[in-house]
2 protein chains.
Amino acid sequence: MTGINKAACIGGGVIGGGWIARFLLAGIDVDVFDPHPEASRIVGEVIANAEKAYAMLTGAPLPPRGRLTFCETLEEAVAGADWIQESVPERLDLKRGVLNEIDAVARPDALIGSSTSGLLPTDLQRDMKHPERLFVAHPYNPVYLLPLVEIVGGEKTSAATIKAAMERLPPIGMKGVHIAKEIEAFVGDRLLEALWREALWLIHDDICTVETLDDVIRYSFGLRWAQMGLFQTYRIAGGEAGMRHFLAQFGPCLAWPWTKLTDVVDLDDALIEKIGQQSDEQAADLSIRELERIRDENLVGILQALKGGDGGKGWGAGKLLKDFEQSLWAQGGGTTTSFDPSKPLRLVETKVSPAWVDYNGHMTEHRYLQVFGDTSDALLRLVGVDVAYVEAGHSYYTVETHIRHLGEAKLGQAIHSTCRILSVNDKRLHVFHTLHDTATGEAIATAEHMLLHVDSKAGKATPAPAVILDKVKAIAEAHANLVAPEGVGRYVGQKR
Amino acid sequence: MTGINKAACIGGGVIGGGWIARFLLAGIDVDVFDPHPEASRIVGEVIANAEKAYAMLTGAPLPPRGRLTFCETLEEAVAGADWIQESVPERLDLKRGVLNEIDAVARPDALIGSSTSGLLPTDLQRDMKHPERLFVAHPYNPVYLLPLVEIVGGEKTSAATIKAAMERLPPIGMKGVHIAKEIEAFVGDRLLEALWREALWLIHDDICTVETLDDVIRYSFGLRWAQMGLFQTYRIAGGEAGMRHFLAQFGPCLAWPWTKLTDVVDLDDALIEKIGQQSDEQAADLSIRELERIRDENLVGILQALKGGDGGKGWGAGKLLKDFEQSLWAQGGGTTTSFDPSKPLRLVETKVSPAWVDYNGHMTEHRYLQVFGDTSDALLRLVGVDVAYVEAGHSYYTVETHIRHLGEAKLGQAIHSTCRILSVNDKRLHVFHTLHDTATGEAIATAEHMLLHVDSKAGKATPAPAVILDKVKAIAEAHANLVAPEGVGRYVGQKR
């Protein structure tokens with residue numbers, strides 16, 4: 001995939017900060033220009049949220065975080081960048097001015113994206129010397145978790161620019177959707193605006209409260225739309241009769257006087273106060289920070305659930321996450337270049353995710369084995385048993401496991417695992433993992449595993465090739481010098 | 001909770017069938033009247049989908065399925081029912097006729113819900129003798145998974161009816177949302193209709209295709225709405241400045257000429273054909289059946305993810321699922337009344353869910369331990385270690401585990417677990433579980449566990465009380481007569 005080498009972000013609010021986090025966590029250096037006195041605090045908070053979310057989102061090895069630099073001038077920030085993202089306030093004159101400044105100093109081959117949620121790219125690029133490289137790249141909040149970027153070109157935008165922009169998003173975990181024709185507000189905000197106007201009427205007329213309205217969404221079509229959207233959902237509703245039949249039935253409803261959409265509600269002080277008050281009641285005692293945390297944890301959980309969709313192949317945003325992780329593994333795995341032979345291998349770093357805990361906030365039993373399984377997978381990638389190797393028909397399967405619980409992992413706790421190779425022969429690999437509290441280093445649990453090298457089609461054990469075995473043996477020999485870990489060879493119920 | 005004893009469903013299409021499945025799976029007998037010749041086939045298909053979904057959704061013990069009866073007459077179906085759900089086609093004259101028939105023969109204290117998605121309850125109840133018991137109970141497809149029911153009363157509906165209807169939904173896993181004032185299409189379909197009109201314009205004008213539009217939704221705000229809805233999401237977007245500030249900023253946008261909402265698109269043959277064609281392309285080679293399967297698996301995964309939300313307390317539809325499961329456990333657990341002492345206890349029945357498998361469709365390592373952990377939980381509930389016992393401060397914790405893999409569980413496979421108590425004393429409980437392929441009875445994996453009775457606040461072992469121990473010992477004594485299972489006391493790597 002074609003990656004971004006250096007990004008520049010002009011404007012570092014919540015949206016700009018989200019872009020910055022996306023770039024940094026994908027290992028890309030970012031130069032930022034934002035004269036706002038609070039810019040670095042706001043950006044720092046977004047990055048902190050993003051890091052928390054990523055630690056729960058994926059066990060794949062993120063590359064070393066990119067370097068973040070706040071620059072004194074726009075010119076300094078833009079210098080050398082191959083993706084420049086403008087996220088300044090939503091005023092045409094202001095955005096035009098900033099884009100013209102960028103245009104004057106950017107590399108000729110740089111891509112220039114605008115985060116505008118509604119302005120036309122043709123209007124934005126009007127006065128640029130190289131307008132062909134300007135496009136709208138409209139993301140959704142929180143930018144570090146929601147994958148969508150609406151890509152919209154103006155009259156002077158080149159097809160090569162659109163193509164390049166679309167290609168550069170998957171490596172940072174995002175999904176570019178190309179909107180065929182430019183219109184104000186593009187597609188997402190058009191849809192949101194339509195629903196929003198209707199929602200304001202429903203509150204204005206006391207048909208329901210903001211809490212009731214949110215419940216109507218999140219207990220019904222919100223669940224549908226998180227995975228399939230509007231038309232695919234209706235396709236199913238049409239059943240065997242098909243989409244055309246469904247539509248023909250639906251047609252007459254459009255003439256019914258159901259909605260108030262012909263009038264625009266007056267969002268006056270009274271309505272603002274009413275919604276404000278109802279929103280306070282809905283949130284009860286939850287602060288914005290707490291709501292953000294809950295939202296991000298929920299989004300992580302939904303993305304992970306969709307990663308298992310369509311029989312494990314991944315579906316929608318979950319498929320995207322799966323592909324993103326595969327590319328991270330491809331970059332980060334498979335290298336035995338450096339390990340310290342005097343220590344067990346440190347392999348998995350993560351945080352205890354909310355989906356992993358019980359009512360008391362303790363990590364549930366099987367999540368321990370999940371982290372240990374991830375540890376075995378990380379070891380295997382390290383010795384060359386990567387996606388390509390497995391797809392070619394061979395793998396290691398776990399045949400036996402022994403787990404000891406020595407302490408408890410709690411919600412949000414930073415944990416990591418280490419691995420010792422106890423022994424290896426042509427078919428068998430005997431390992432011992434330890435799960436640690438990262439803050440104290442203390443052992444929370446241990447796992448002893450026996451793995452077998454198998455021909456996965458034939459479903460039986462077969463000797464591992466030398467190219468794998470040599471790497472395993474090198475580690476095993478180094479580990480042979482370490483003191484034997486406590487608990488090896490225990491059976492359940494054995495006296496200490 | 002106040003439960004439904006017997007339900008009657010008048011009309012058994014996709015919506016009626018969904019209601020029937022909800023009732024049956026919650027253990028409620030259902031009498032159905034639908035003169036349509038295909039009714040029993042359609043209902044049977046919906047129930048089959050629902051059963052597949054529930055097997056993946058929850059490990060909680062569903063009560064014995066209710067009895068399903070197709071009746072020859074409406075009168076027969078309605079007799080004795082305390083919840084009567086009308087789901088006939090969406091025509092006022094037809095619905096009125098059916099409701100008047102129901103009214104004439106129903107028990108005086110029966111609740112009568114209409115599945116109408118748009119008609120006013122005041123219009124529906126106009127000619128009823130007992131109109132106070134009629135209300136709208138508008139569900140969303142698939143009814144067996146989406147929890148929302150919009151509850152709307154008409155002018156003559158009594159407050160007691162609304163209250164009773166709201167109370168009877170959580171025990172069948174649903175969420176009643178009371179809409180304060182009746183309007184055509186209520187709240188959900190108002191919002192859907194608004195967005196739908198805008199979507200039709202976007203397709204009509206070639207701004208995007210149906211696939212692009214669905215992608216815009218499912219990679220962005222669909223993920224937000226599955227868990228928080230519209231206003232709560234914007235509350236966060238407003239940040240520390242608050243909801244009122246956010247609204248005041250948003251106000252001016254309402255006057256912008258963004259949307260085409262003042263006109264209604266003409267859904268003529270050309271537009272129907274265009275959408276039909278684009279929808280075919282989007283679905284590619286996926287049939288409606290496959291799309292249904294994928295949708296249900298995704299919904300199950302999202303609901304399970306939200307069950308872990310807000311630090312394990314559950315959030316939105318996931319909280320509802322958690323509460324539903326607690327009530328199932330409360331009904332189904334805690335009884336040692338009957339078990340066959342000549343066999344291991346059969347405790348967990350489930351299907352391998354899509355979120356549980358890897359790319360090859362094999363159940364991942366840690367999901368084996370999840371089923372074994374659920375087996376221990378089921379045993380504990382059986383001997384009195386239920387939610388109340390745990391909340392009162394004592395529990396059993398697993399301290400040691402040994403797992404052997406003997407075969408492989410695959411996507412969709414029906415599996416169950418059995419449990420043997422090996423030994424017990426006042427603090428320790430030594431068990432041996434086996435995971436079976438339900439079709440053949442063959443063992444796929446075994447797990448040996450040592451559990452300790454603990455004071456969870458103090459975090460240390462403490463003797464279990466006699467009320468628990470007596471029940472455990474009764475089972476242990478019966479199990480002592482069984483042949484010792486193969487594999488007990490093994491350590492990892494031990495020769496066979």
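When we screen A:Ala8, A:Ala110, A:Ala77, A:Ala50 for residues that are farther than 20 Å from A:Leu134 by Cβ and touching a residue at least 24 places away in the same chain (Cβ under 8 Å), the only hit is A:Ala50. Taking each residue of segment A:330-351 that is at pLDDT below 80 and looking for partners that are in a loop (DSSP other than H, G, I, E, B) with beta-carbon atoms closer than 6 Å, six or more apart or interchain, yields A:Gly332/A:Pro61; A:Gly333/A:Asp386; A:Gly334/A:Asp386. Of all the criteria given as (1) at pLDDT below 95; (2) buried (at least 22 other Cβ atoms within 10 Å of the Cβ), the one not satisfied by A:Gly459 is (2).
Residue selection: A:Gly239 satisfies the criterion of being at the interface with chain B (Cβ under 7 Å from one of its Cβ atoms), open to solvent by 10 Å² or more (accessible area, probe 1.4 Å) and outside any loop (DSSP other than H, G, I, E, B). Put simply, of B:Tyr144, B:Tyr140 the only residue that is touching a Lys or Arg at 6+ places or on another chain (Cβ under 7 Å) and either in contact (Cβ under 8 Å) with a residue 12 or more places away in the chain or closer than 26 Å to A:Ala237 by Cα (or both) is B:Tyr144. Within segment B:164-182, the residues that satisfy the criterion of being facing another protein chain (nearest Cβ under 7 Å) and under 22 Å from the mean Cα position of the chain (by Cα) are B:Lys175, B:Val177.
Take segment A:117-148 and flag every residue that is part of a helix (DSSP H, G or I) and either not polar (S, T, N, Q) or not assigned by TED's automatic domain parsing to the domain that holds A:Gly12 (or both). I'd like the intermediate steps shown before the answer.
Taking segment A:117-148 as the starting set, the residues that turn out to be part of a helix (DSSP H, G or I) are A:121-124, A:131-133.
Selection gives A:Pro121, A:Asp123, A:Leu124, A:Pro131, A:Glu132, A:Arg133.
Taking A:Asp296, is it closer than 26 Å to B:Leu57 by Cα, touching a residue at least 12 places away in the same chain (Cβ under 8 Å) and touching a strand residue (DSSP E or B) at 6+ places or on another chain (Cβ under 8 Å)?
Details: closer than 26 Å to B:Leu57 by Cα: yes; touching a residue at least 12 places away in the same chain (Cβ under 8 Å): yes; touching a strand residue (DSSP E or B) at 6+ places or on another chain (Cβ under 8 Å): no.
For A:Asp296, the condition - closer than 26 Å to B:Leu57 by Cα, touching a residue at least 12 places away in the same chain (Cβ under 8 Å) and touching a strand residue (DSSP E or B) at 6+ places or on another chain (Cβ under 8 Å) - is not met.
Screening B:Ile468 on (1) away from every other protein chain (no Cβ under 14 Å); (2) more than 18 Å from B:His394 (Cβ to Cβ); (3) open to solvent by less than 40 Å² (accessible area, probe 1.4 Å) shows it passes everything except condition (2). For segment B:353-410, a residue qualifies if it is of a type in the set (A, V, I, L, M), in a loop (DSSP other than H, G, I, E, B) and farther than 20 Å from A:Met363 by Cβ, and the qualifying residues are B:Val383, B:Ala392, B:Leu406, B:Ala409.
Looking only at segment A:358-385, which residues are out of contact with any strand residue (DSSP E or B) (no Cβ under 7 Å at 6 or more places or on another chain) and within 9 Å of chain B (Cβ to nearest Cβ)? Write out each step before concluding.
Keep residues of segment A:358-385 that are out of contact with any strand residue (DSSP E or B) (no Cβ under 7 Å at 6 or more places or on another chain), which gives A:358-360, A:366-367, A:370, A:373, A:377, A:381-384.
Once the filter is applied, which keeps residues that are out of contact with any strand residue (DSSP E or B) (no Cβ under 7 Å at 6 or more places or on another chain) and within 9 Å of chain B (Cβ to nearest Cβ), segment A:358-385 yields A:Asp358, A:Tyr359, A:Asn360, A:His366, A:Arg367, A:Gln370, A:Gly373.
A:Leu379 fulfils the conditions (1) more than 25 Å from B:Met450 (Cα to Cα); (2) surrounded by 18 or more Cβ atoms within 10 Å (Cβ to Cβ); (3) without any contact (Cβ under 8 Å) to a residue 12 or more places away in the chain except for a single criterion, (3). Examine segment A:398-418 for a residue that is under 26 Å from B:Lys457 (Cα atoms) and basic (Lys, Arg), and state whether such a residue exists. Yes - at least one qualifying residue is present in segment A:398-418. Inspect all residues belonging to segment B:220-233 and state whether any of them is of a type in the set (Val, Ile, Thr), closer than 27 Å to A:His204 by Cα and at the interface with another protein chain (Cβ under 7 Å from one of its Cβ atoms). No, that holds for no residue. For segment B:278-292, residues that are touching a residue at least 24 places away in the same chain (Cβ under 8 Å) and under 14 Å from A:Met228 (Cα atoms) total 3.
Output the residues belonging to segment A:288-310 that are more than 17 Å from the chain's Cα centre (by Cα), open to solvent by 10 Å² or more (accessible area, probe 1.4 Å) and within 7 Å of chain B (Cβ to nearest Cβ).
Let us first name the residues in segment A:288-310 that are more than 17 Å from the chain's Cα centre (by Cα), namely A:288-291, A:310.
Filter again for open to solvent by 10 Å² or more (accessible area, probe 1.4 Å), leaving A:288-290, A:310.
Within segment A:288-310, A:Ile288, A:Asp310 meet the criteria.
Only one residue in B:Ala199, B:Ala185 is part of a helix (DSSP H, G or I) and either more than 7 Å from chain A (Cβ to nearest Cβ) or of a type outside the set (Ser, Thr, Tyr) (or both). Which one? On inspection, the qualifying residue turns out to be B:Ala199. Would you pick out the residues in segment B:189-216 that are in contact (Cβ under 8 Å) with a residue 40 or more places away in the chain and open to solvent by less than 10 Å² (accessible area, probe 1.4 Å)? Passing the criteria: B:Ala194, B:Glu198, B:Leu200, B:Ile203, B:Val210, B:Asp214. Is there a residue being in contact with a helix residue (DSSP H, G or I) (Cβ under 8 Å, 6 or more places away or on another chain), at negative phi and β-branched (Val, Ile, Thr) anywhere in segment B:119-135? No. Selection of segment B:386-427 for residues being in contact with a Leu (Cβ under 6 Å, 6 or more places away or on another chain) and within 9 Å of chain A (Cβ to nearest Cβ) yields B:Tyr397, B:Thr398, B:Val399.
The values are calculated or read from the model by the stated rules, or taken from the named source; none is laboratory data. Here the structure is a predicted model, which means the values were calculated and not measured. Positions of Cβ are generated from backbone atoms using ideal geometry, with glycine treated the same way; all protein chains shown enter the neighbour counts. Quick note on the areas: whole protein, heavy atoms, side chains included, nothing else; ligands and nucleic acids left out. Shrake-Rupley method; radii C 1.70, N 1.55, O 1.52, S 1.80 Å.
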